[in-house]
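Here the structure is laid out as structure tokens; the discussion comes afterwards.
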Amino acid sequence: MKIAGFTFVRNAIKFDYPVVEAIMSILPLCDEVVVAVGNSDDDTLGLIQRIDSPKIKIIETLWDDSLRQGGRVLAAETNKALAAISTDADWCFYIQGDEVLHEQYIPVVRKAMEDNLGNREVEGLLFHYTHFYGSYRYVGDSHRWYRREIRVFRNTGNVTSYADAQGFRTLENEKLKVKLIGAYIYHYGWVKPPEIQREKLKSSAAFWSEAGHNVADLDTFDYSEVDSLTFFKGTHPAVMLPRIERVNWMFDFDINEKKLAFKYRFKMWFEKLTGKRIGEYRNYKLLS
């Protein structure tokens with residue numbers, strides 16, 4: 001069984017992406033990891049080149065900044081990395097530059113790949129998500145956070161990044177048939193110094209609208225303007241610990257404070273009671 005990881009990145013240093021940690025977290029599972037390094041304003045290329053592993057395969061890319069609507073450029077860059085994967089790989093493992101796989105889930109993912117290798121009905125594996133916010137102490141627990149996404153899929157050559165690169169579909173725009181596995185992706189995209197978060201969001205806004213930077217309110221970006229958080233009770237991936245130890249900002253939040261309309265409070269209550277999420281968007285077909 002051959003496994004190929006892939007990701008894309010641009011301006012990782014400038015915007016404090018934990019992309020090295022992301023790559024290192026899946027490296028033990030992978031026979032190769034393709035990294036599409038976009039044209040950057042910092043030494044992102046050097047950062048990736050300094051990862052000490054013969055498994056790393058770097059391709060340099062030029063972002064098409066005209067692909068502004070709906071984050072299409074992110075999907076385009078994802079597809080560039082995907083296209084560079086070895087054709088004899090059985091599974092593709094996608095990781096974004098602010099996502100990390102905890103080492104405790106490596107055996108879980110490997111077993112799921114092995115168990116489903118011969119079952120061609122299973123086109124991908126669906127992961128749970130933990131979204132950190134404001135600091136490494138808090139996680140989002142409202143419905144604004146997606147709770148599942150495809151991060152592993154079969155290397156058929158018939159899969160493409162969908163919409164803003166959050167998920168995948170077939171080239172015919174069909175949803176992938178997937179199995180939910182007992183592994184979590186830790187998402188750290190909303191954990192960085194507030195001033196860097198503000199600049200990152202300003203930059204990202206350019207890829208979501210042809211109008212460009214419609215982010216005047218972000219000059220006063222404040223982590224406290226969030227609807228609902230709770231404490232994180234687990235452990236962080238080992239690769240993240242040095243970064244966590246370097247934290248240089250403070251964020252405290254009253255987890256009892258819920259800035260939610262009644263219907264969202266009801267939805268959260270219903271999910272806790274039944275495990276089902278009302279109105280959940282699913283970019284996949286879940287197999288039993």
Of residues in segment 123-153 being among the charged types (D, E, K, R) and part of a loop (DSSP other than H, G, I, E, B), the one nearest to ALA89 (Cα to Cα): GLU123
Given (1) within 23 Å of SER228 (Cβ to Cβ); (2) assigned to a helix (DSSP H, G or I), identify the lone condition not met by GLU199. (1)
Flag if GLY46 is in contact with a strand residue (DSSP E or B) (Cβ under 9 Å, 6 or more places away or on another chain) and on the phi < 0 side of the Ramachandran plot: no
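Residues are listed down the side, and each one gets a yes or a no for (1) touching a residue at least 24 places away in the same chain (Cβ under 8 Å); (2) under 21 Å from TYR129 (Cα atoms); (3) of a type in the set (Gly, Ala, Ser); (4) in a helix (DSSP H, G or I):
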{"position": "ILE13", "(1), (2), (3), (4)": "yes, no, no, no"}
{"position": "ILE23", "(1), (2), (3), (4)": "yes, yes, no, yes"}
{"position": "SER53", "(1), (2), (3), (4)": "yes, no, yes, no"}
{"position": "SER66", "(1), (2), (3), (4)": "no, no, yes, no"}
{"position": "ALA81", "(1), (2), (3), (4)": "yes, no, yes, yes"}
{"position": "SER86", "(1), (2), (3), (4)": "yes, no, yes, no"}
{"position": "TYR105", "(1), (2), (3), (4)": "yes, yes, no, yes"}
In segment 241-288, which residues are of a type in the set (A, V, I, L, M) and within 30 Å of GLU123 (Cβ to Cβ)? ILE278, LEU286, LEU287
Which is under 15 Å from VAL33 (Cβ atoms), at pLDDT 95 or above and among the acidic types (Asp, Glu), of GLU114, GLU99? GLU99
Within segment 117-146, how many residues turn out to be modelled with pLDDT of 95 or more and under 12 Å from the mean Cα position of the chain (by Cα)? 6
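The values are calculated or read from the model by the stated rules, or taken from the named source; none is laboratory data. Given the structure is predicted, the values throughout are model-derived calculations rather than measurements. Using ideal geometry, Cβ is built from the backbone for each residue, glycine included, and neighbour counts are taken over all protein chains shown.
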